[in-house]
1. Which order do ILE377, ILE14 take by accessible area at a 1.4 Å probe, largest first?
2. The range 85-126: D in µm²/s via Stokes-Einstein (Kirkwood Rh, Cα pairs, 20 °C, 1.002 mPa s)?
3. Could you give P(r) for the range 4-84, binned at 10 Å from zero, as whole percent values over all Cα-Cα pairs?
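The values are calculated or read from the model by the stated rules, or taken from the named source; none is laboratory data. Fair warning: this is a prediction, and the values are worked out from it, not measured in the lab. Accessible surface is based on the protein model in full, side chains and every heavy atom, while ligands, DNA and RNA are left aside. Shrake-Rupley method; radii C 1.70, N 1.55, O 1.52, S 1.80 Å.
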Amino acid sequence: MAAAAGELPLSDDILADILIRLPTLADFGRACASCPAFRRVITGHPFLRRLHALHPPSLLGTRTYFGFHPVDAPNPSAPAARALAGAADFDFSFLPEPGFWMVRDERGGRFVVDRDEGMDDTFTTIAVCDPLFRRYELLPAIPGDLAATVQQPDRVNGERRCHVFLAPSDNEEEVVAGAPKSFTVIWMAQCPTKLVAFVFSSVSMQWRAVAPASWRDLDPSMRSVSEKSLRYRNYAYGCFYWSLEEFPFRQNLIALDMGRMKFFRANHPLPRERGEFSIVELGESRLGMFRLASNNMDGGGVLRLFSANRETHGSCVSEWVYEKEAPLSRSYKYDMLGLADGKLILVATQNVRSAPEVHCISLDFKALQHEEIQGMIHHDFRPHVPIPLPTPYMGYPPSLSLPTI
């Protein structure tokens, strides 16, 4: 029997085995546009799970206080970024009213947001949402027996020291196999005498407690518990990392091991130098740290890379080994945004008093070579003001995306 017009005399399974060999995400987009049968197969959820397992997401833009800002040409992801900007609701107008929802974190196309119900800004209403598919899930309240263990969190300049953020999925194979609802949310509070955290799993739909850690255990040399500060959250190899700072004294590296559900103190390669850092996975169980050290308030400085072995990390300072460094232009001041596409993303702000130019640049781990990324930054954005820095958004074109909720 002859195939109908627009169809191919091949089964969907055979077509899928052929199409999955296409080399780039752009090729999948062109295949979708060229043939209805190709589009039917490629946009099916089973095929997209295979595609996502083979092709990592791309850097499509940043989410800032001003909304989503896509990358521009000549970046090869510019068409996908423009499509995402037009298709997704980054204003989160689909979330339930009333109340103002504040974005706390983003990972893998999911956002965690919360709102203050006007009664207690320590325990807020938390939701995880997908702005592309306009889906959300309200999390249950933290149970009373867990909440009772929380001392009134410290405040800085009148703001609470509670944090809500997403963790990578517990089971990456489960995600590939097609469990879009699988996500993990962490609620953490900096209390006067201890660090407290609870973890929510969408699989069990329950909150559980991380073993609390006293500040004295995390930093025995801390002179003033009230002046502690956790900054620069990073994630690598199953652990979250923060810098525990006490001005003007030394800083330590604090880690949360998601496997052991436990906080511990790790060693810092430069404990007496304050500054931004990013933790990266260098491969072969090697942990890397990029340290951003400015020369002075006039801009410039240097970006240093240190490495340590993941299995033995934390036993002594000598584990950190200096690898290399890259000088930074004195014409700009720099801030770290995070990691994307296997590169470190920086914001470079021109060192002038009025109307400074602001650029995004990406830095290759191995070669320490950087290139500018067009777009990404709102023209009104200014670092060093009391609004959050942009966060890189990694994803797929809308036609090749799967719901995350």
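1. Values: ILE377 30, ILE14 80 Å².
Highest to lowest solvent-accessible surface, that is ILE14, ILE377.
2. Numbers: Rh = 11.5 Å.
This corresponds to a translational diffusion coefficient of 187 µm²/s.
3. 16, 42, 27, 12, 2, 0
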